[in-house]
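Undergrad: First the structure, then my questions, so here it is.
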Amino acid sequence: MKQFNHVKRGQALLFVFFLLLMVGILAGALAVVCEAEIKTRSLERDGLIAFYLAQAGIEGAKIELINNPSWDPNLGTFYNLPLLGIEWGCAIDVISVGGQQRDIICRGGKRKSTVIPWSGTEELEIERRIKVRVQGIGAPPASQVPWTWQEI
């Protein structure tokens with residue numbers, strides 16, 4: 001009878017070890033999935049911030065062009081917006097297409113390094129680009145056409 005109890009105890013011990021192993025594997029898998037989900041959500045949030053910054057840059061450039069049709073921001077213009085201790089901003093480029101048309105390209109994003117000065121051509125860690133063709137620059141306000149933009 002005592003041998004029978006030892007066998008039961010051994011089986012129970014093996015079952016507990018197996019159960020702990022399964023719980024450990026599931027907890028590890030859950031941790032990996034949660035970490036990936038957090039990273040994905042963070043990148044989505046950063047992409048949305050970059051997109052809104054690019055939109056704001058486009059709108060600011062349109063206002064500048066209305067007030068001064070010969071305005072050229074130089075590609076190196078980077079408007080810094082320190083959000084959450086990170087250097088966010090947008091770089092604007094205006095290209096004359098001919099006549100009263102201009103292409104405005106704005107890159108909104110987060111810089112990889114805040115130590116070196118902005119060159120305007122450096123790669124951003126998070127980046128969204130928007131391009132818009134503006135018509136009727138320098139024309140009377142009545143002849144201006146509505147502007148639309150597209151993300152590139």
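The values are calculated or read from the model by the stated rules, or taken from the named source; none is laboratory data. The structure presented is a predicted model; accordingly, all values stated were derived computationally and were not measured. Quick reminder, even Gly has a Cβ in these numbers, built from the backbone with ideal geometry, and neighbours come from all protein chains shown.
Undergrad: Restricting the search to segment 47-92, which residues are hydrophobic (A, V, I, L, M, F, W, C), out of contact with any Pro (no Cβ under 8 Å at 6 or more places or on another chain) and modelled with pLDDT of 85 or more?
TA: Let us first name the residues in segment 47-92 that are hydrophobic (A, V, I, L, M, F, W, C), namely 48-51, 53-54, 56, 58, 61, 63, 65-66, 71, 75, 78, 81, 83-84, 86, 88, 90-92.
Retained after the next criterion (residues that are out of contact with any Pro (no Cβ under 8 Å at 6 or more places or on another chain)): 48-51, 53-54, 56, 58, 63, 65-66, 71, 75, 78, 81, 83-84, 86, 90-91.
Correct list: 48, 49, 50, 51, 53, 54, 56, 58.
Undergrad: Scan segment 41-55 for residues that are surrounded by fewer than 17 Cβ atoms within 10 Å (Cβ to Cβ) and under 30 Å from residue 138 (Cα atoms) and jot them down.
TA: Narrowing segment 41-55 to residues surrounded by fewer than 17 Cβ atoms within 10 Å (Cβ to Cβ): 41-45, 47-48, 52.
Of everything in segment 41-55, just one residue is surrounded by fewer than 17 Cβ atoms within 10 Å (Cβ to Cβ) and under 30 Å from residue 138 (Cα atoms), namely 52.
For (1) free of Cβ contacts under 8 Å to residues at least 24 places away in the same chain; (2) within 17 Å of the chain's Cα centre (by Cα), each residue gets a yes or a no:
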position	(1), (2)
8	yes, no
11	yes, no
20	yes, no
28	yes, no
36	yes, yes
54	no, yes
58	no, yes
61	no, no
64	yes, no
